[in-house]
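Below you'll find the structure, written out as structure tokens, and then a few comments.
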Amino acid sequence: MGFLKIFSGKDPEEYERRGDGFFEIMEYGAARLEYETALAKMKKKCSENTDLESRLREKMIRSSDALALQHKQNGELLRESGDYESASELFHLALELTKDPELAAGLEQLLGKTQNDIAGDDMEVPWVHTPVNKAEVRVWHTQEGEHFTALCGALPDEVRDAYQSYGDTFKTGYVALNQGEYDLAATKLLQALEENPSDSLVPLELATAYLNLERYEDALLLLERFIKNYPRSIHGYQVLCETLWAMKRLDEANDLLFSCPGELAESAPILHLKGESLYRSGRHQDAEAFYLELLQSHGWDEHTALSLAATYEALEKKDAALELYSEIMGKCSSCGARIAPFIKQKYADISTELGDYSVKILEIYLSLIEEDPTGRENHFRKVEQIYTAMGNEREARRYRSFADNLDGSLTD
């Protein structure tokens, strides 16, 4: 699945699910950027969905705080080893990322101590940083430089260092790309391509801009060259697959993924891409076998389980899909995690398709009315349907009225 960028044709919720998957495996930088992608998609497709926007922003903050904590922990290890300059850099990055006042305060103390380490034990160097509070100007993405720093903070160290060396034109293009301003991104990244060495990472970002502009041939040309230069770039494979899928060159995408070199072929992102490519190719039985083997060999993974459930639906194996959605919900409940509304709706929708009009399913739809405001008309009608099946015509009429009134307000 794609780590970073905003690809055409996918709903915000799909990027949110990808972000959730990355968060579970502690890939917090990738998770945060998937949530950011989902937010940009949401603003273009359904800007009125305040519930989704709020949820995505919360997840972005949670991912940023988790990434900041990772930087803090790594910085402490570097400080203990005597590499004070590198430790200081990580503490700075963590402080830019975090919204947690307690974590920020701890980082400020570490920065002060590290500055003293750099200056020498005999000299006290005060570290002064304005405390975090809601009235401050430190607001996410208010300035290009801050946005770029935050984006780079979520990247692997070697990629971050490279991106920070590519100049202001690249910075503008990269920020524009992540904000969904693809024309500006393409213009600036093309200029940055000319300003930087031929073996830079700029072609990957320019290809992503072209992909979103549906300039598939231009994107493909850049990506094929990029993969030759960087044959172990997971991100490169992800963008190349997205391009081939968009061009309906599905067999080529499958061949590409199943010929990945060495240990790259067994990495989680490439494995997920393999399954998705089989699914997109209409090879649903092969996808089913692949996901089942993946769960058996690599253990439980919600991302894989959701992909398998969708494959079961494509194969009309409703009972198997329902059982798997039930298992996913159970695992979420057992660890105290919030069950995503789309998972609850999948479970409830399949249940009603199979003739289950129980109180349990009724309660799920009633909860979705609050959790998923954009789907309220559907949820009202499902509640009406269940009450009708129960013989409670009074409540059925009431929820039918709610749905009709909502439908009228949407079409006015």
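The values are calculated or read from the model by the stated rules, or taken from the named source; none is laboratory data. All of these numbers come straight from a predicted model, not from anything done at the bench. Neighbour counts run over all protein chains shown; Cβ positions are idealised from the backbone, glycine included. Side chains are part of the model used for accessible areas, which takes the heavy atoms of the whole protein and leaves out ligands, DNA and RNA. Shrake-Rupley method; radii C 1.70, N 1.55, O 1.52, S 1.80 Å.
Remark: C-alpha extents of the chain on the principal axes read 82, 49, 47 Å, sorted largest to smallest. Taking every alpha-carbon pair within segment 273-412, the share separated by more than 27 Å comes to 32 percent.
Set against the 2.2 N^0.38 Å expectation for a compact globular protein, segment 48-115 has a Cα radius of gyration ratio of 1.30. For the chain, the mean residue ellipticity at 222 nm estimated from helices alone is -24000 deg cm²/dmol, where every DSSP H run of n ≥ 4 contributes -39500 (n - 2.57) and the total is divided by all residues, rounded to the nearest 500.
Among Ala389, Ala268, Ala253, the largest mean-square fluctuation in a Gaussian network model of the chain, built with springs joining Cα atoms closer than 10 Å, belongs to Ala389. Values of log10 I(q)/I(0) for segment 305-383 across q = 0.14, 0.15, 0.20 Å⁻¹ run -0.44, -0.50, -0.90, by the Debye formula with one identical scatterer at each alpha carbon and no solvent. Remark: the chain carries 48 Å² of accessible area per residue (probe radius 1.4 Å; ligands, DNA and RNA excluded). Keeping the other protein chains in place, figure out the carbon and sulfur percent of the accessible area of segment 162-228, with a 1.4 Å probe. Carbon and sulfur together cover 46 percent of it. This model, with +1 at the C-beta of Lys and Arg and -1 at the C-beta of Asp and Glu, gives segment 303-412 a dipole about its Cα centre of some 220 debye. In whole percent, how big is the carbon plus sulfur part of the accessible area of segment 284-406, probe 1.4 Å, protein atoms only? Percent of accessible area from carbon and sulfur atoms in segment 284-406: 48. Here the peptides 319-327, 257-265 are ranked by packing, the mean other Cβ count within 10 Å, and the order with the highest first is 319-327, 257-265.
Just Arg17, Arg394, Arg57 to compare: in a GNM of the chain, with alpha carbon springs under 10 Å, which one fluctuates most? Of the options given, Arg394 has the highest mean-square fluctuation. Both radii are taken from the alpha-carbon atoms of segment 145-254; with Rh as the Kirkwood radius, Rg/Rh is 0.95. A quarter of the convex hull surface defined by the alpha-carbon atoms of segment 237-346 gives 7.4 nm² as the mean projection. For Glu58 and Glu316, the difference between the fully extended length at 0.36 nm per residue and the C-alpha to C-alpha distance is 89.3 nm.
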